[in-house]
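The values are calculated or read from the model by the stated rules, or taken from the named source; none is laboratory data. For clarity, every value in this text was computed on a predicted model and none was experimentally measured. Cβ atoms come from the backbone with ideal geometry, glycine included; neighbour counts cover every protein chain shown.
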């Protein structure tokens, strides 16, 4: 069974404004290190998945930028969704394309913008997930919680199963929505919950059969459109629901398998999360680019390559992000409110900043 990797890369990345913009969102930005997050994801998959067995699903508006970012992939390996419809249509589109190419294949589906290490543990986990997928199972990857996070969905585990490639597997009792703090602390203490990383493995026959059973409207709408071409696909997407693969399939199906991740994981979903990944000075300030902290404490200072020099004097607990045309200043711990600022700019017609 030949294995493919499908990367979901259609997000807008509004929580990383002003560095992330509509034409170059988070996955196409070098948030951490010299590479964009998408390029780092492709590199992390190799050599387990050579370039010819990697697909990327993105939006039509980002397709050309994605192809330029990944010259090692053929143009046909970047699939363009006419509209963003969340992850269930994305999964179905990729599955139908792969079925025309290799109907007996298996696939790993994963986001483009996560921080993962070490690479060998990541690849070992994917091998374990694919081993279960080859047996006809619907498989997800679970991350052992390190703190009582309220921003992630959780998996409640049932009985343990034999490990594969050194990775413990479990039956999944249920998927759990993002909890409040008290419930998250209970999940952490119990030891039987995992964070839902949004990384999945399936064989194509199993996946297509499960989609046909649990969300037939998506497959029935997309199948003829994929065969008919771009114009038909655009019409089909107008009719599709906006729904995640978790809601559409994984939470409805029975017998889901979770494989424990043999790697550290963070979806780095905000400037607050990025702070934890950068080295700190003696006062807890963390900087990137031409940024300088003077008599300041516990600040995140980010200056984009095209930004003027950023200097913070006697500041405390701030995130400051400067680009050529915009500066964000927000208290650390409040980074989720960045998307509210983006919405205000949108309502004010400031498309030039988005």
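Which one is farthest from residue 107 (Cα to Cα), of the residues in the range 1-28 that are part of a loop (DSSP other than H, G, I, E, B) and over 14 Å from the mean Cα position of the chain (by Cα)?
Looking at residues that are part of a loop (DSSP other than H, G, I, E, B) and over 14 Å from the mean Cα position of the chain (by Cα), I get 18.
Report the residue count in the range 331-342 for those that are in contact (Cβ under 8 Å) with a residue 60 or more places away in the chain and within 10 Å of residue 14 (Cβ to Cβ).
Selection size over the range 331-342: 4.
Mind telling me which of the residues 98, 55 ends up being over 20 Å from the mean Cα position of the chain (by Cα) and buried (at least 19 other Cβ atoms within 10 Å of the Cβ)?
98
Take the residues of the range 290-312 that are in contact (Cβ under 8 Å) with a residue 24 or more places away in the chain and part of a loop (DSSP other than H, G, I, E, B): which is farthest from residue 35 (Cα to Cα)?
298
Hey, does the range 227-237 have a residue that's over 18 Å from the mean Cα position of the chain (by Cα), at positive phi and modelled with pLDDT of 95 or more?
No - not one qualifying residue is present in the range 227-237.
One residue is enough: does the range 222-239 have a residue meeting the conditions under 18 Å from residue 138 (Cα atoms) and in contact with a strand residue (DSSP E or B) (Cβ under 9 Å, 6 or more places away or on another chain)?
Scanning the range 222-239, I find no residue that is under 18 Å from residue 138 (Cα atoms) and in contact with a strand residue (DSSP E or B) (Cβ under 9 Å, 6 or more places away or on another chain), so the answer is no.
Has the range 290-300 got any residue that is surrounded by fewer than 19 Cβ atoms within 10 Å (Cβ to Cβ), within 19 Å of residue 30 (Cβ to Cβ) and either under 24 Å from the mean Cα position of the chain (by Cα) or at pLDDT 95 or above (or both)?
yes
Go through (1) in contact with a strand residue (DSSP E or B) (Cβ under 9 Å, 6 or more places away or on another chain); (2) at pLDDT 95 or above; (3) surrounded by fewer than 17 Cβ atoms within 10 Å (Cβ to Cβ); (4) assigned by TED's automatic domain parsing to the domain that holds residue 37 one by one and return the number of the condition residue 255 breaks.
(2)
Can you tell me which of 18, 34 is assigned by TED's automatic domain parsing to the domain that holds residue 245, without any contact (Cβ under 8 Å) to a residue 60 or more places away in the chain and closer than 20 Å to residue 302 by Cα?
So the residue among 18, 34 that is assigned by TED's automatic domain parsing to the domain that holds residue 245, without any contact (Cβ under 8 Å) to a residue 60 or more places away in the chain and closer than 20 Å to residue 302 by Cα is 34.
Considering only the range 87-104, state which residues are part of a helix (DSSP H, G or I) and touching a strand residue (DSSP E or B) at 6+ places or on another chain (Cβ under 9 Å).
87, 89, 90, 91, 93, 94, 95, 97, 98, 101
Picking from 65, 149, 105, which residue would you name as being more than 22 Å from residue 44 (Cβ to Cβ) and either modelled with pLDDT under 95 or over 17 Å from the mean Cα position of the chain (by Cα) (or both)?
149
In this structure, does residue 66 turn out to be out of contact with any strand residue (DSSP E or B) (no Cβ under 6 Å at 6 or more places or on another chain) and either in contact (Cβ under 8 Å) with a residue 12 or more places away in the chain or surrounded by fewer than 18 Cβ atoms within 10 Å (Cβ to Cβ) (or both)?
Against the criterion (out of contact with any strand residue (DSSP E or B) (no Cβ under 6 Å at 6 or more places or on another chain) and either in contact (Cβ under 8 Å) with a residue 12 or more places away in the chain or surrounded by fewer than 18 Cβ atoms within 10 Å (Cβ to Cβ) (or both)), residue 66 does not qualify.
Only one of 158, 173, 182 is out of contact with any strand residue (DSSP E or B) (no Cβ under 9 Å at 6 or more places or on another chain), farther than 27 Å from residue 9 by Cα, without any contact (Cβ under 8 Å) to a residue 60 or more places away in the chain and surrounded by fewer than 20 Cβ atoms within 10 Å (Cβ to Cβ). Can you tell me which? Spell out how you get there, then give the answer.
Working: 158 fails: out of contact with any strand residue (DSSP E or B) (no Cβ under 9 Å at 6 or more places or on another chain); 173 fails: out of contact with any strand residue (DSSP E or B) (no Cβ under 9 Å at 6 or more places or on another chain).
Result: 182 is the single residue among 158, 173, 182 that is out of contact with any strand residue (DSSP E or B) (no Cβ under 9 Å at 6 or more places or on another chain), farther than 27 Å from residue 9 by Cα, without any contact (Cβ under 8 Å) to a residue 60 or more places away in the chain and surrounded by fewer than 20 Cβ atoms within 10 Å (Cβ to Cβ).
Does residue 188 qualify as being crowded, with 16+ Cβ neighbours inside 10 Å, touching a residue at least 24 places away in the same chain (Cβ under 8 Å) and under 20 Å from residue 108 (Cα atoms)?
In short, no.
Kindly indicate the residue of the range 320-345 that is over 20 Å from residue 296 (Cβ atoms) and surrounded by 14 or more Cβ atoms within 10 Å (Cβ to Cβ) and also modelled with the lowest pLDDT among those meeting that condition.
336
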